[in-house]
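First up is the structure itself, then whatever we jot down about it.
The values are calculated or read from the model by the stated rules, or taken from the named source; none is laboratory data. Since we're looking at a predicted model, the values are computed, not measured. Note that each Cβ is placed from the backbone with ideal geometry, even for glycine, and that neighbours are counted across all protein chains shown. Accessible surface areas use protein heavy atoms only, side chains included; no ligands, DNA or RNA. Shrake-Rupley method; radii C 1.70, N 1.55, O 1.52, S 1.80 Å.
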Amino acid sequence: MQYTVPHYYKKFRCIAGECPDTCCAGWQIQIDPASLRKYKKAKGPLGSRLRNEIDWKEGCFRQYDGRCAFLNDEDLCDLYLEGGGGRAFCRTCRTYPRHIEEFEGLREISLSLSCPVAADLILNCEEPVRFLHAEDEKEEEPYEDFDFFLFTKLEDARSLILRILQDRSHPVRLRAAVSLALAHDLQQRIDRNALYDADSLFERYSAPGVWSWFESRLAQLEKTDSHAAKMRRTKAALFSIFDRLEVLRDDWRPYLDSARKTLKNAPVLPEETERSFSELFTDHMAEQLLVYFVFTYFCGAVYNRNAYGKMKFSFAGMILVRELVRAEWLQDPGITNETVLCTACRYAREVEHSDRNKIRMEQLLDNEEDFDLEDLFSLL
């Protein structure tokens, strides 16, 4: 089995009770079948408590006021403290904040943006992310109907997209535009069953002239009379996606409503003031968010053949986090990096920790009437 991780992966250390937003509250903690069997057999006072504090029908720990039944007043886990440490955990608790994407013969492991410590590692990483590879003797699980040819082209496309996104000789807005267009053009070849032409596509997007072409195209679009209106309309459509997703935390809807109202009523700010926002939400942060989402989700298109949808999802994640941070900044220009991290975590908890939300968001982004390529360019 082969493994791929970002270079900061092993720097993660859980800060337990010091965490500003415990992972043991705000969502259901599902228990894997092997752990359920182990918990059923547990003896003594802890065994009795396990039998009482597990919803056996749903296969999850019970919650009280949104908190796991085993989360104590010091925000520490009683199951860990009384059960002999990490060996008492179920798979979910043992794995989080690690996120694993499974492919035949390959596991890609990232850290979840929803964890404050992981968000710090991701967003405050000043250097371009490197990806480390390893292999062990673990037997590979066979995957029925796994399309290796498609997966190979997705890996090639992702490698090129990551290289584009991390080319700091160009502004991040230009890097994002080129990456979106590449995924758009790759999708056309997937839809036409013309992946044999993917290599020539990658060569074209690797050529030096691609930068000047897209720089000119973005400049032309910005000069059109409809640019500002298109940007407002596309941003509103992007935020409206939230209205069709399930809500995981009670405080999310009021927070989101406040942010949308602030952004809607915000005046056009002078360039100097906008620069101060760029010093808070930096190009490096935008890059790291895009790299995070692309690494985590892009190759998952091998299962639904929607590479452009995965890229749109990644792009939308960066834009929405940026705009939520902008709303916080408009409300209080004195906010710090900590607010940026908290906002990114908040977004990730609502979107990434619901398979239903991720699928629904990708489906809604497929609407070309609201989110065609030039609509998305307007947000840059």
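Observations
- 29 Å Cα-Cα reach of Lys230 towards lysines, excluding residues that sit fewer than 8 places from it in its own chain: Lys261, Lys264, Lys310, Lys312, Lys358
- A simple charge model with +1 on the Cβ of Lys and Arg, -1 on the Cβ of Asp and Glu and nothing else charged puts the dipole of region 192-294 at about 560 debye relative to its Cα centre.
- The magnitude of the dipole of the chain, with charges of +1 and -1 set on the Cβ of Lys/Arg and Asp/Glu and taken from the Cα centre, is near 780 debye.
- Ligands, DNA and RNA are left out, and with a 1.4 angstrom probe the accessible area of region 76-160 is 54 Å² per residue.
- Comparing Gly84, Phe313, Gln30 along the charge dipole axis of the chain, the residue lying farthest to the positive side is Gly84, per the Cβ-charge model.
- Counting only DSSP H runs of at least 4 residues, each contributing -39500 (n - 2.57), and dividing by the residue count of the chain, the helix-based mean residue ellipticity at 222 nm comes to -17000 deg cm²/dmol.
- Across region 168-316, Cα pairs under 8 Å and at least six residues apart give a relative contact order of 38 percent.
- Convex hull volume per residue in cubic angstrom - Cα atoms of region 189-244: 131 Å³
- Here the contact order of the chain, divided by its residue count and restricted to Cα pairs under 8 Å and six or more residues apart, works out to 21 percent.
- Since only Ala236, His353, Phe277 are under comparison, the one whose Cα sits farthest along the positive direction of the charge dipole of the chain, derived from C-beta charges on Lys, Arg, Asp and Glu, is His353.
- The fraction of accessible area contributed by carbon and sulfur in the chain is 50 percent, rounded to a whole number (1.4 Å probe; ligands and nucleic acids excluded).
- Cβ charges +1 (Lys, Arg) and -1 (Asp, Glu), total dipole of region 172-250, debye: 320 debye
- FRET efficiency for the pair Asn367 and Leu76, taken as 1/(1 + (r/R0)^6) with r the Cβ-Cβ distance and R0 = 30 Å, rounds to 0.10.
- Scanning the chain for long hydrophobic helices, with DSSP H runs required to stretch 27 angstrom or more by C-alpha along their axis and to average at least 0.0 on the Kyte-Doolittle scale, returns 172-191, 307-331.
- Isolated cysteines of the chain, defined as having no other cysteine beta carbon under 4.7 Å away, are Cys14, Cys19, Cys23, Cys60, Cys77, Cys90, Cys93, Cys115, Cys125, Cys299, Cys342, Cys345.
- Checking (i) 140; (ii) 159; (iii) 171 against volume of the Cα convex hull per residue in Å³ calculated from these atoms, the matching label is (ii).
- Loop GluC sites (Glu not before Pro), region 13-94 (other Cβ atoms within 10 Å of the site Cβ: 16 or fewer; DSSP): Glu58, Glu74
- Note on region 1-134: Cα Rg divided by 2.2 N^0.38 Å, N the number of residues, gives 1.17.
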